Each structure stands twice: as structure tokens, then as C-alpha cells.
Amino acid sequence: MIWLIRRAMCALYPATSRLPGIAATDVDAFLRRYRRESSSLMWLGLVIGAVVFTITPLITIGLPLPSFLLPRRALDRHANKISSHPVYLLRQAIFLVKLSAGLCWGAHADVRSLLALPPYPEDPGTWRTQ
């Protein structure tokens, strides 16, 4: 399931000319840690969001393919349209993916440096939900 979530996150957080995309961070390690440290409900929401992102290109751009088979331009269009879709439940599912991706991307030292922010200190590991 991690590969599916990673694909959705990479489509929603692509690199720009100024900032790296989420693919330049260690997404897999973040997702393994997220799964271990988050509640089951948070993980389920992230999985559902990734599945929704994967199966909705037919609704957003009219192509009957899963998102991981789309060409780059079509994937960008899909990511843009699903994030602002008029159906609230679809937008909310995608929001869960974007929220989790933002936690990974925004905590990365290279991204923080480019935003003129100091890197986060090492995680003390003192608080867990489980």
C-alpha cells in the first residue's frame, strides 16, 4: 500500500523550479513511521485517500486509467482537478493525502533550508498514540 500512497503524494507535491518535490524526500521511511505512530483511523484515511486519487481520473479528466498509468501532463491535470473537485467527499479524501504529504515534505531539511527555516531537531520519541 505504501507504493500507492507514495505515487499519489508525488503527483500532488511535484518539484518546481525553486523547490524539490516530495520524491526528493525519504517518503517510504516517512510512511513506515507514519503507519507505526499514527492511529489506525488516520492510516485508513490516508489509504482511502490514495485509492480515491488512483481511481478517479475517469471522473476528473475523462481517462479510464488508474493514476499511476497516466502520462505526466495528464497526471498533473488530474491532481489539480481532484484537489478542487465539487464533490466534497472526494476533496476531503485527497486532503488527507496532501496533509500527510505536507508533513513529510515540510519537515525535510533541504526544503526547510530553501524556505529559510532551521532544520527540525531530532525526534525525541517521547509521545506516541499507541
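Here, each number is a calculation from the coordinates, and none is a lab measurement. Quantities reported herein were computed from a predicted structural model and do not represent experimental measurements. No Cβ is skipped: glycine too gets one built from the backbone with ideal geometry, and neighbour counts run over all protein chains shown.
The peptide list 13-21, 57-65, 44-52, put in order of mean Cβ contacts within 10 Å with the highest first, becomes 44-52, 57-65, 13-21.
Rounded to the nearest 20, the Cβ-based charge dipole of the chain about its Cα centre (Lys and Arg +1, Asp and Glu -1) stands at 320 debye.
Here the contact order of the stretch 40-130, divided by its residue count and restricted to Cα pairs under 8 Å and six or more residues apart, works out to 24 percent.
A cut-off of 5 Å between modelled amide H atoms, ignoring neighbours fewer than 5 places along the same chain, links GLY21 with ALA15, THR16.
Taken as entire DSSP H runs, the helices of the chain that both span 27 Å or more between Cα atoms along their own long axis and average 0.0 or more on the Kyte-Doolittle scale are 88-107.
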